[in-house]
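Quick notes on the structure that follows.
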Amino acid sequence: MLLLAVNNNTLRIRTFKFSFFLYFLIYITMMCGLLFKSGVDWKYSSLIEYYVENSNLIPFKTISFYFLAFVGDYINKSIVLGNIVGNILMFVPLDLFISIFFPSKIIGLKRKIFMFLFFIIVIEVIQLVTQTGFFDVDDIILNSIGFMTGYFLFRTQSIQKMIRFVFIHEKAPKSEDYAEN
């Protein structure tokens with residue numbers, strides 16, 4: 001009976017990891033579709049001019065532009081919300097995937113942040129070089145806010161309990177189990 005319980009638990013964990021791998025593939029596919037849009041108009045006389053016109057290295061320049069445009073009603077609010085909120089929400093789940101594939105015993109917060117920053121800077125550079133987007137330091141700031149939001153969100157007890165219940169089918173602990181701690 002004990003062997004059956006161990007095998008059943010092992011099967012649950014493998015199913016959980018496989019499910020998250022599939023979710024991760026869907027997530028990456030959607031990210032690529034959102035981050036690498038083709039069809040940038042070529043109206044520049046040189047590649048350098050393109051890079052200069054499609055780069056923002058000044059922190060909060062784009063964010064403040066969108067904020068002022070939103071408040072002043074100069075631009076469609078859905079564009080502003082899509083850009084600001086979208087850049088944040090897009091990276092909220094990334095820490096969950098990193099945590100599943102690289103347990104905290106192997107990779108700590110500092111290394112996760114380094115991996116994330118390296119990953120997002122590479123994405124921004126690829127967008128610029130392939131002319132499928134813009135290099136914007138504000139995107140890095142907003143994406144970092146999303147990543148850190150995910151980091152703290154997925155460490156709350158209620159979210160941890162929900163993940164275990166939904167994906168591992170672990171029974172929810174009774175309220176008196178928390179009283180012992």
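Some notes on this structure:
- Which of Val129, Val80 has the fewest Cβ neighbours within 10 Å, and the rest in rising order: Val129, Val80
- Neighbourhood charge, 13 Å Cβ-Cβ cut-off, centred on Phe119 and excluding it, Lys, Arg +1 and Asp, Glu -1: -1
- Neighbours of Val137 by Cβ distance under 10 Å: Lys/Arg scored +1, Asp/Glu scored -1, total -3.
- Three-way shape label, the stretch 6-97, alpha-carbon gyration tensor, a/c 1.5: prolate
- In units of the rule-of-thumb radius 2.2 N^0.38 Å, the stretch 44-163 shows an alpha carbon radius of gyration of 1.24.
- The ranking of Ile75, Ile26 by Cβ neighbour count inside 10 Å, starting from the fewest, reads Ile26, Ile75.
Throughout, read-outs are computed from the coordinates displayed, never taken from laboratory work. Everything numeric here is computed off the predicted structure, so don't read it as measured data. Every residue, glycine among them, receives a Cβ derived from its backbone with ideal geometry; neighbour counts consider all protein chains shown.
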